[in-house]
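Just so it is clear, none of the values below were taken in a lab; they were calculated from the coordinates. From a predicted model like this one, the values you see are computed outputs, not experimental measurements. Neighbour counts run over all protein chains shown; Cβ positions are idealised from the backbone, glycine included.
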Amino acid sequence: MTKRIAILGSTGSIGRTALSVLERHRKRFAVSALTAHSNAALLAEQVAAWHPGFVGCVAGGDGANPEWRLGAGSLVEAATRDDVDIVLNAVVGVAGMDATLAALGAGKRVALANKESLVVAGELAAAACATSGGEIVPVDSEHSAILQCLGNRRVDAVRRLIITASGGPFREWDAARIHGATRDQALRHPTWSMGSKITVDSATLANKALEVIEAHFLFGLPYEKIEVVVHPQSIVHSMVEFVDGSVLAQVGVPSMELPILYALTHPERVPDEATPRFDPVAGSPLTFEHVRMDAFPALRLGIEAGRAGGAAPAVFNAANEAAVAMFLEGDIPFGGIAAAIEQALSVVQDNARPTRDSLMDADRRARAVVRGML
Ligand code: NDP
Ligand code: MG
């Protein structure tokens, strides 16, 4: 049966890759809804190619069609439509959170690239799944790898998850040089081509902290059982060690095409001759290193925020989003990103049981702290 997909963030790196994957599988999938933020010209091209029943454009502006739905509410509307079976959330940042929660509440499958949703509102997402039958299937390559390694085994068969990290462009730099890294240097990722926010997150390793928290909520494992190892070639996408000592890894060239397709078809696999093929000899050698925690404080801060729970992951995420935007604008140095996160986490504390509104309040306060440091 044809699966009907809504793509939120269709004009971004993941959104565009998803449409190129769907192009090869037009018999299996239809596109019911597309949303973008500001790139109305590309959105118009995608609409002409896919004829979705619903089009949302958050910022509107030049080139937006008067028939499109404008404003942030268009995401939730797209995510909850009756003619949508799977919501691919490829929005960047906490802006994608309400749509994730609404889609889960409406009983949809969410193919989740927007990891910030789960980091900020992991408990609310779990509650929405439990009451409505919605489910999250990760698009993030590490979590897709873990899901594939787990198969249908129960999590009590897991001794630990080993999440791989490329190490980013500053893997071998000393801490002082990393502090002064430029925008161009931070945007030059060694193995992956992605949107600018996640590319900076991969240079600070904040992305790996987001992924540890994402894994905690997705697989229901405590933080003691989630480890990070540096693997510069980005071929082993992650590993699962089981209680009997066996370790399974999922392996392939660094491409988001397979994790996107798998999130749509899980637990089935469908033939796809066009996904890049892995050649073990060409991929050799595969190496692994410890993470240099002292050189990448954003990773430590993020994992600590995850362990603290409550609103702390939301504060970590918001401070990081605000600081990355300021770094990309040239307002703070690269090293200022982790400093801003640390400051926000020390100032904004909220131990109450999180609700959607309390999390958004923590998000706003964290951003204000970071902007106030200018
Ligand atoms: P991009 O910056 O390339 O794309 C972001 C998309 O979100 C664009 O369509 C953009 O619209 C839209 N968008 C931006 N701001 C808003 C907003 N406030 N409201 C609604 N829509 C908005 O990011 P990526 O595709 O790289 O990443 C998307 C998500 O996927 C992130 O959470 C990232 O961490 C995750 N991810 C990405 C990977 C990758 O390989 N790129 C790998 C794993 C996870 P417009 O362009 O029209 O302004
Ligand atoms: Mg990832």
May I ask you to sort Phe316, Phe242 by Cβ crowding, counting other Cβ atoms within 10 Å and putting the fewest first?
Phe242, Phe316
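Per DSSP H run of n ≥ 4, the term is -39500 (n - 2.57); total these for the chain, divide by its residue number, and report the mean residue ellipticity at 222 nm rounded to 500 deg cm²/dmol.
Numbers: 15 runs with 166 residues, N = 374.
Computed ellipticity for the chain at 222 nm equals -13500 deg cm²/dmol.
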For a quick check of your reading of the filter: which GluC sites (Glu not before Pro) in the range 1-109 sit in a DSSP loop and have no more than 12 other Cβ atoms within 10 Å?
Glu67
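Hey, what does the equivalent ellipsoid look like for the range 219-303, semi-axes from the Cα gyration tensor as sqrt of 5 times each eigenvalue, largest first, whole Å?
Working: eigenvalues 135, 66, 42 Å².
The three semi-axes for the range 219-303 are 26, 18, 14 Å.
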Can you bin every Cα-Cα distance in the range 117-213 into 10 Å intervals starting at zero and give me the percent of pairs per bin, rounded to whole numbers?
13, 36, 30, 16, 5
Between Lys208, Lys225, Lys115, which gets the highest mean-square fluctuation from a Gaussian network model of the chain, Cα cutoff 10 Å?
Lys225
Please report the relative contact order for the range 293-374, taking Cα pairs under 8 Å with a sequence separation of at least 6, and give it as a percent rounded to a whole number.
37 percent
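Give me His237, His51, His25 sorted ascending by neighbouring Cβ count inside 10 Å, so fewest comes first. Mind dumping the intermediate values first?
Details: His237 24, His51 12, His25 16.
By the 10 Å Cβ count, ascending: His51, His25, His237.
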Test of understanding: what is the full-extension gain from Arg160 to Tyr223, defined as 0.36 nm times their sequence separation minus their Cα-Cα distance?
21.7 nm
Order these by the 10 Å Cβ neighbour count, fewest first: Met239, Met293, Met1.
Met1, Met293, Met239
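Tell me, Kirkwood radius of the range 158-219 from alpha-carbon pair distances, in Å? All intermediate terms of the calculation are to be shown ahead of the outcome.
Working: mean 1/r = 0.0793 Å⁻¹.
Its Kirkwood hydrodynamic radius stands at 12.6 Å.
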Calculate I(q)/I(0) for the chain by the Debye formula, one identical point scatterer on each C-alpha and no solvent, and give its log10 at q = 0.07, 0.15 Å⁻¹ to two decimals.
-0.29, -1.46
May I ask for the distance between the Cα centers of the range 266-342 and the range 74-93, given as a whole number of Å?
24 Å
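Using the Cα atoms of the range 279-331 to build a convex hull, what is its mean projected area in square nanometres?
Numbers: hull surface 25.6 nm².
Result: a mean projected hull area of 6.4 nm².
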What number, in percent, do you get for the relative contact order of the range 1-110 if the mean sequence gap of Cα pairs under 8 Å and at least 6 apart is divided by its residue count?
29 percent
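Relative to the compact globular guide of 2.2 N^0.38 Å, what is the alpha carbon radius of gyration of the range 241-374, as a ratio? Can you show the working numbers first?
Details: Rg = 20.0 Å, N = 134, 2.2 N^0.38 = 14.1 Å.
In units of the globular-protein estimate, the range 241-374 measures up at 1.41.
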When every alpha-carbon pair in the range 144-294 is counted, what percent end up more than 23 Å apart?
41 percent
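Mean projection of the alpha-carbon convex hull of the range 1-61 over all orientations, in nm²? Mind dumping the intermediate values first?
On the way: hull surface 14.8 nm².
Result: a mean projected hull area of 3.7 nm².
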Lysines whose Cα lies under 21 Å from that of Lys225, excluding same-chain neighbours fewer than 8 positions away
Lys115, Lys208
Where N is the number of residues in the range 96-152, Cα Rg divided by 2.2 N^0.38 Å:
1.07
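Below 8 Å, C-alpha to C-alpha, sequence gap of six or more: please give me the relative contact order for the chain in percent. If you can, show how the numbers build up before the last one.
Working: 724 pairs, mean separation 54.3, N = 374.
So the answer I get is 15 percent.
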Over the range 1-112: Kirkwood hydrodynamic radius from C-alpha pairwise inverse distances, Å:
13.4 Å
Calculated Rg and Dmax of the range 187-266 using C-alpha coordinates, Å:
13.8, 41
The range 37-177: spread of alpha-carbon positions along the three principal axes, whole Å, largest first, is 53, 47, 26
Compute from the Cα atoms of the range 148-192 the Rg and the Dmax, the latter being the longest Cα-Cα distance, and quote both in angstrom.
17.0, 46
